[in-house]
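Worksheet: the structure to be examined is printed underneath.
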Amino acid sequence: MSGLARDNVAGAKRVVVKVGSSSISGANSDQITPLVDALAEAYGRGTEVVLISSGAVATGMPFLNLDKRPSDVATQQAAAAVGQNVLIFRYQESLDRYGIAAGTVLLTEGDALNEPHRSNTRRALERLLDLRILPVVNENDTVAVYGLRFGSNDRLAALVATLIHADLLIMLSDVDALYTKPPHLPGAEKLDFIAADDPLDGFEFSSSGATGVGTGGASTKVVAARLATKAGTAVLVTSTELAAAALRGEHVGTWFEPTASVERRALL
């Protein structure tokens, strides 16, 4: 099958949207409202939307009186347990304006990679979409440690997009696109389009975000994009504030071309 073209984003049948911790927690928690507006607009067109939302640990930190991300696993788990509850409440409260119900799906790596968990995960997500529920997916940080972790929610998003045969994966962060080097450095140039066979030689991608509350950076997005595009899913990387424009098909961010004419079943 052929992958989604950039000029046909608004016509995508199934879209996975991933948002990072720093975009919807702390001082930016008010960005949940415009993000939900963007998701609801696509939902209203009939698009099947899955939201991969980081932010459980960051959202839970204030309730544990923490001013920075905890370094020990037990406290991270505690923050995630509290934060996930608050996070889904904030999403549902905003979605209520549109009469859309959210469904929480918490995964470990084995749920996306190993049978029979993998098939169960796909079936659950497919059924939620059939019922016009908007799945809100996150790593199960309360129990996912060491060998059970995805490493970043960028990778989780790519695996989910591949699992459910999404047409498009949109990865949102604080930066409007990918750049040839960290955008604050002199000479950094915006990358508009990345071909499926582009080796991306000579570029410098950061390994972590600028805020310190998340676990992903530009490099994890590139790796995740390659994983998704090899399975035939197009990828767009842009900022959270441009989510509505991205879902409408406006020319924003960095577009990763999907591999053409792949047989997805052979990759899954």
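The values are calculated or read from the model by the stated rules, or taken from the named source; none is laboratory data. Given the structure is predicted, the values throughout are model-derived calculations rather than measurements. Backbone-built Cβ (ideal geometry, glycine too); neighbour counts: all protein chains shown. Ligands, DNA and RNA are stripped out before the accessible areas are found, and what is left, the full protein with its side chains, is counted by its heavy atoms. Shrake-Rupley method; radii C 1.70, N 1.55, O 1.52, S 1.80 Å.
Odds and ends about this structure:
- Estimated FRET transfer efficiency when R0 is 25 angstrom, pair residue 6-residue 241 (beta carbons, to 0.05): 0.80
- Across the protein chains, with a 1.4 Å probe defining accessible surface, the residues 39, 113 rank 113, 39 from largest area downward.
- Here the dipole of the chain is about 560 debye; that uses its Cα centre as origin and unit charges on the Cβ of Lys and Arg (positive) and Asp and Glu (negative).
- Ratio of the Cα radius of gyration of the chain to 2.2 N^0.38 Å, where N counts its residues: 0.94
- The chain, helix-only ellipticity at 222 nm - DSSP H runs n ≥ 4, -39,500 (n - 2.57), divided by all residues, nearest 500: -10500 deg cm²/dmol
- FRET efficiency, 1/(1 + (r/R0)^6) with R0 35 Å, evaluated for residue 74 and residue 250 via beta carbons: 0.20
- Vicinal HN-Hα couplings computed from phi for region 182-198 (Karplus, 6.51 cos²θ - 1.76 cosθ + 1.60; Hz; Gly/Pro x): x, x, 7, 8, x, x, 5, 10, 5, 9, 8, 9, 10, 5, 4, 9, 6
- For region 89-172, the relative contact order is 30 percent, taking Cα pairs closer than 8 Å that sit 6 or more residues apart in sequence and dividing their mean separation by the residue count.
- Accessible surface of the chain, 1.4 Å probe, proportion on carbon and sulfur as whole %: 53
- Dipole of the chain, positive end: most advanced residue of 196, 77, 240 [Cβ charges, Cα centre]: 77
- Region 1-157: C-alpha gyration tensor shape, a/c 1.5 cut-off, then a/b vs b/c: oblate
- Between region 92-109 and region 116-195, the Cα center-to-center distance that results, in Å: 16
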